[in-house]
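Colleague: Sending over a structure as structure tokens; questions will come in a sec.
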Amino acid sequence: MALLDHLGLGAVHYAGLSMGGFVGMRLAARHPERVRSLVLLDTSAGPEDPDKVAQYRLLARVYRWLGIGPVRGKVEPLMFGPHLLASPRRAEVVEPWVAKLRTVDRRGMRAAILGVTDRLPVVDELPLITAPTLVVVGADDVATPVAKAEAIVAGIPGARLEVVPDAGHSSTVEQPEAVTRLLEAFLAEH
């Protein structure tokens, strides 16, 4: 809200991927007058799966002290689907991502990961969302599987689900053309 106010924006079309989706659901539920439409990509309205919390916290701790190298093999399949990881495009997509991870503040990244593991659910607020909503998820997303997207759609009146084939948690970079078509069509409607 502070950013929207600072920029002098009224109601916006909001799109958020993963953590951005966590933010978007809260914004749309708590300030419906500020959201004209909502796109939620590869995200969840519930708390983090308890069986994943310990793994993610350990990955965050190792990353904080040693960088991406020792955890890369565990993190890549969480962030990207098997189609991309087995394709010739792997290097052009994954290597810039890894290079960026080598430059970010590791303490900040650890804090962001803990923000994922320790977030509160927003499921009970979903019925408060009045903006037209499109929920997009990669068919192979293991971080926020299709069932989590289906739960969001079930909670938001009139929400629509689109499952992107051959994409994992980073559907926007794994299948950019397909996701762009979905976004353009949705925004043209609203």
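The values are calculated or read from the model by the stated rules, or taken from the named source; none is laboratory data. Fair warning: this is a prediction, and the values are worked out from it, not measured in the lab. Please note: Cβ atoms are built from the backbone with ideal geometry, for glycine as well, and neighbour counts cover all protein chains shown.
Colleague: Looking at this structure, is I113 within 16 Å of D42 (Cα to Cα), in contact with a helix residue (DSSP H, G or I) (Cβ under 8 Å, 6 or more places away or on another chain) and not small (G, A, S)? Don't jump to the end; show me each part of the working.
Modeller: Numbers: within 16 Å of D42 (Cα to Cα): yes; in contact with a helix residue (DSSP H, G or I) (Cβ under 8 Å, 6 or more places away or on another chain): yes; not small (G, A, S): yes.
Against the criterion (within 16 Å of D42 (Cα to Cα), in contact with a helix residue (DSSP H, G or I) (Cβ under 8 Å, 6 or more places away or on another chain) and not small (G, A, S)), I113 qualifies.
Every residue, every condition in (1) of a type in the set (G, A, S); (2) more than 25 Å from V173 (Cα to Cα); (3) surrounded by fewer than 19 Cβ atoms within 10 Å (Cβ to Cβ); (4) modelled with pLDDT under 90, yes or no:
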position	(1), (2), (3), (4)
D5	no, yes, yes, no
A11	yes, yes, yes, no
R34	no, yes, yes, no
A86	yes, no, yes, no
R90	no, no, yes, no
E95	no, no, yes, no
L101	no, no, yes, yes
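Colleague: Moving to a separate point now. The conditions are (1) surrounded by 19 or more Cβ atoms within 10 Å (Cβ to Cβ); (2) more than 14 Å from G21 (Cα to Cα); (3) β-branched (V, I, T), and T133 fails exactly one of them. Which is it?
Modeller: Among (1) surrounded by 19 or more Cβ atoms within 10 Å (Cβ to Cβ); (2) more than 14 Å from G21 (Cα to Cα); (3) β-branched (V, I, T), the lone unmet condition for T133 is (2).
Colleague: Give me the pairs, please: first residue somewhere in region 12-25 and under 13 Å from A112 (Cβ atoms), second residue anywhere and part of a strand (DSSP E or B), beta-carbon distance under 6 Å, and either six or more positions apart or on two chains.
Modeller: Sorted first by the residue in region 12-25, then by its partner, the pairs are V23/G16.
Colleague: State all residues of region 13-25 that are touching a helix residue (DSSP H, G or I) at 6+ places or on another chain (Cβ under 9 Å) and surrounded by fewer than 16 Cβ atoms within 10 Å (Cβ to Cβ); if no residue qualifies, say none. Spell out the reasoning first.
Modeller: The initial filter retains those residues of region 13-25 that are touching a helix residue (DSSP H, G or I) at 6+ places or on another chain (Cβ under 9 Å), namely 13-19, 21-22, 25.
Result: H13, M19.
Colleague: Only one of E174, E162 is touching a residue at least 60 places away in the same chain (Cβ under 8 Å), assigned by TED's automatic domain parsing to the domain that holds G24, surrounded by 19 or more Cβ atoms within 10 Å (Cβ to Cβ) and charged (D, E, K, R); which?
Modeller: Residue meeting the stated conditions: E174.
Colleague: Is it true that some residue in region 145-152 is modelled with pLDDT of 95 or more, in a helix (DSSP H, G or I) and under 16 Å from S37 (Cα atoms)?
Modeller: Yes, because at least one residue in region 145-152 is modelled with pLDDT of 95 or more, in a helix (DSSP H, G or I) and under 16 Å from S37 (Cα atoms).
Colleague: Related question: For region 58-81, which residues satisfy the criterion of being touching a helix residue (DSSP H, G or I) at 6+ places or on another chain (Cβ under 6 Å) and more than 20 Å from S170 (Cβ to Cβ)?
Modeller: V62, R64, P70
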